[in-house]
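**Q** Structure provided below as structure tokens; questions to follow.
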Amino acid sequence: MEKIPFVKKEQLEAICARYPTPFHLYDEAGIRATARAVREAFAWNPGFREHFAVKATPTPQILDILREEGCGVDCSSLTELMMSERCGFQGEEIMFSSNDTPAEEFVKAAQLGAIINLDDYTHIDFLQKTIGYIPETISCRFNPGGVFQLGESKEGFQVMDSPGDAKYGFTRLQLFDGFKKLKALGARHFGLHAFLASNTISNDYYPALAGQLFRLAVELERETGCDIDFINLSGGVGVDYRPEQPANDIYAIGEGVRQQYEAILVPAGMGDVRILTEMGRYMLASHGCLVTRAIHAKHTYKEYIGVDACAANLMRPAMYGAYHHITVMGKEDWPCDHKYDVVGSLCENNDKFAIDRMLPRIDTGDLLVMHDTGAHGFSMGYNYNGRLRSAELLLQEDGDVRMIRRAETPEDYFATLIWDRD
Ligand SMILES: *Cc1c(COP(=O)(O)O)cnc(C)c1O
């Protein structure tokens, strides 16, 4: 589908008159609409809750919006737990799905009453030693090993991760032993979690994963006698970064999971199991964009457009070769008859937002919108080359724009340095 920015050029120029580029801009109306669609798609499951993966967009006003829409959070570090606490999330609204977990993070998660999702068998003893007990509600992350494949894979669908190569989760055998051990140590309510593929563009991913986890849950309950309270499908639902990609249909996904539930859990007498999700990308990616201005045009062996953002503001293209669609504002109807590398200023040749991209002629001063940066965009930013993180702005439902994070200043960059000289 054609990718159209959620702001018009005039609106964006007005925003840029108040806030210098580059910045990330989020669309409140879009975020709310997606959160409502997700809730509706899983409304057949009374205990359903989406726990937004905080790492995707760790900004309080974004978490507030999602909380108002009934979401919880998924945290994987101490500071994410602290931010969630400050935003008013409490108890089982917080999922703590971490790995290689430091002791103080288990302490904080337990103090908040978060649901702890253990990544490894040895973490059972580690948790017990660290906090002195095993919580009544506990979850374990499963890794089936091998390669995750869908029964019927759709065109263009590629599984991004092989579970057998991923560092996460318990093996199947460890899961059975782990549940028994946790039960003996006082756990009463059990959860099962798995994250097997990332950025999937197929309505079949969640249903296929659900089928696998539901069957396992039935076996686990039978063999260990543990009461399985919830199944967490985690993240991995993708967005259509490229215009030619089909978008996921969350209603079809919810319905696919429901069919598995009816076919596997209900006949086993497990029709009270709650479904949880931990989506980051699906919730936010398409509701954020990176706004940047063309500041240079360079003509050497290739045609380069230099913009005022760089990989420090959006790392995915440099890190994964990820595609982010670019709209040159005001030139939407111009022919895409120029081939450009759109680059940032880092002294790293992978600092390219686009390579050999066909775009309309770009003049310096043009505003460029990089699409779908609302998740894993700002949050993966870093300070290489002394580059500073940008501001984050929220386009509110009422049309006003509010700054929700200021841009870093050099003082921020220097703040952690020890100036021990006179
Ligand atoms: C990153 C992460 C998510 C979110 O993944 P998305 O692909 O953004 O949906 C969910 N759960 C865990 C444990 C994660 O690490």
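**Q** Given the rule -39500 (n - 2.57) for each run of at least 4 DSSP H residues, summed and divided by the residues of the chain, what is its mean residue ellipticity at 222 nm, to the nearest 500 deg cm²/dmol?
**A** Values: 12 runs with 120 residues, N = 422.
That calculation yields -8500 deg cm²/dmol at 222 nm.
**Q** Still on this structure, please answer the following. Sorting His325, His338 by accessible area (1.4 Å probe), largest first, what list results? Mind dumping the intermediate values first?
**A** Values: His325 35, His338 60 Å².
Most to least solvent-accessible, the answer reads His338, His325.
**Q** By how many degrees, 0 to 90 and rounded to 10, does the Cα axis of helix 103-112 deviate from the longest principal axis of the chain?
**A** 80 degrees
**Q** Rounded, prolate or oblate for region 273-422? Axes are the square roots of the Cα gyration tensor eigenvalues, ordered a ≥ b ≥ c, and the cut-off for rounded is a/c under 1.5.
**A** Working: a/c = 1.65, a/b = 1.10, b/c = 1.49.
Cα axes put region 273-422 in the oblate bin.
**Q** How much of the accessible area of region 318-383, in percent, comes from carbon and sulfur atoms when a 1.4 Å probe is used?
**A** Numbers: 1360 of 2730 Å².
Carbon with sulfur: 50 percent of the solvent-accessible area.
**Q** Let me ask you something else. For the residue pair Lys8 and Arg215, what label-to-label distance in nm results when each label sits 7 Å from Cα along the Cα-to-beta-carbon direction?
**A** The answer from the label model is 5.4 nm.
**Q** So, one more: 5 Å is the cut-off here: which amide hydrogens, built 1.01 Å from N in the peptide plane, fall below it relative to Gly72, excluding neighbours closer than 5 in sequence?
**A** Under 5 Å from the amide H of Gly72 lie the amide H atoms of Glu50, His51, Phe52, each far enough along the sequence or on another chain.
**Q** Students sometimes get this wrong: rank Tyr282, Tyr261 by accessible area, probe 1.4 Å, all chains present, largest first.
**A** Working: Tyr282 35, Tyr261 10 Å².
So the residues, ranked largest to smallest area, are Tyr282, Tyr261.
**Q** Something else now. Tell me, what is the FRET efficiency for Thr122 and Met82 to the nearest 0.05, using R0 = 30 angstrom and their Cβ-Cβ distance as r? Kindly include the intermediate steps, with their values, before the conclusion.
**A** Details: r = 26 Å, r/R0 = 0.86.
E between Thr122 and Met82, to the nearest 0.05, is 0.70.
**Q** Mind jotting down the distance between the C-alpha centroids of region 340-355 and region 165-204, whole Å?
**A** After rounding, the separation between the Cα centres reads 40 Å.
**Q** May I pose another question? With a probe of 1.4 Å, find how much accessible area the chain has per residue, and write the answer as a whole number in Å².
**A** Working: 18800 Å² over 422 residues.
On a per-residue basis, 45 Å².
**Q** Further question: With labels modelled as points extended 7 Å from the Cα through the Cβ direction, what inter-label distance (nm, one decimal) is found for Ala103 paired with Lys298?
**A** 5.0 nm
**Q** Here's another thing I want to ask about it. Counting alpha carbon pairs within less than 8 Å and at least 6 residues apart, what relative contact order, in whole percent, applies to region 99-231?
**A** On the way: 207 pairs, mean separation 34.4, N = 133.
In percent, rounded to a whole number, it is 26.
**Q** So what's the angle, to the nearest 10 degrees on a 0 to 90 scale, between helix 172-184 and the longest Cα principal axis of the chain?
**A** Rounded to the nearest ten degrees, it is 60.
**Q** Take every Cα pair under 8 Å in the chain that's 6+ residues apart, average their separations, divide by the length, and report that relative contact order as a whole percent.
**A** On the way: 901 pairs, mean separation 78.6, N = 422.
In percent, rounded to a whole number, it is 19.
**Q** While we're here: Would you work out if region 67-223 is rounded, prolate or oblate? Take a ≥ b ≥ c from the square roots of the eigenvalues of the alpha-carbon gyration tensor; rounded if a/c is under 1.5, else prolate when a/b is larger than b/c, oblate otherwise. Before the final figure, lay out each step's value.
**A** Working: a/c = 1.92, a/b = 1.33, b/c = 1.45.
Oblate, since a/c reaches 1.5 and b/c is not below a/b.
**Q** Could you work out how far helix 205-224 tilts from the main Cα principal axis of the chain, as a 0 to 90 degree angle to the nearest 10?
**A** In the chain, helix 205-224 runs at an angle near 20 degrees to the longest axis.
**Q** Continuing with the same structure: Mind ranking 309-316, 213-220, 132-139 by how tightly packed they are, going by the mean number of other C-beta atoms within 10 angstrom, highest first?
**A** Values: 309-316: 24.1, 213-220: 20.6, 132-139: 17.6.
Descending packing order for the listed peptides: 309-316, 213-220, 132-139.
**Q** Ignoring ligands, DNA and RNA, please state the percent of accessible area on region 1-98 from carbon and sulfur, probe 1.4 Å.
**A** Values: 2110 of 4160 Å².
The C+S portion of the solvent-accessible surface of region 1-98 is 51 percent.
**Q** Using 0.36 nm times the number of residues separating Arg36 and Leu173, minus their current alpha carbon distance, what extension gain do you get? List each step's numbers first, then the result.
**A** Numbers: separation 137, 0.36 × 137 = 49.32 nm, distance 3.80 nm.
Going from the current span to full extension adds 45.5 nm.
**Q** Quick one: which of 179-189, 295-305 comes out on top by average Cβ neighbours within 10 Å, and what's the full order, highest first? Intermediate results must be reported in sequence, preceding the final value.
**A** Working: 179-189: 16.8, 295-305: 12.7.
Taking the mean over residues of other Cβ atoms within 10 Å, the ranking is 179-189, 295-305.
**Q** Taking every DSSP beta bridge that has both residues in the chain, what percent is antiparallel when rounded to the nearest 5? Mind showing how you got there, number by number?
**A** Numbers: 25 of 62 bridges.
Rounded to the nearest five, the antiparallel share is 40 percent.
**Q** While we're here: Assigning unit charges at the beta carbon (Lys, Arg +1; Asp, Glu -1) and nothing else, what dipole magnitude in debye, to the nearest 20, does the chain show about its Cα centre? Numbers along the way, then the final one.
**A** On the way: 42 positive and 61 negative charges, 71 e Å.
It comes to approximately 340 debye.
The values are calculated or read from the model by the stated rules, or taken from the named source; none is laboratory data. Note that the coordinates shown come from a computational prediction; the quantities given were computed from them, not determined experimentally. For neighbour counting, all protein chains shown are included, and Cβ atoms are generated from backbone atoms with ideal geometry for every residue, glycine included. Keep in mind that these areas ignore ligands, DNA and RNA; they rest on the heavy atoms of the full protein, side chains included. Shrake-Rupley method; radii C 1.70, N 1.55, O 1.52, S 1.80 Å.
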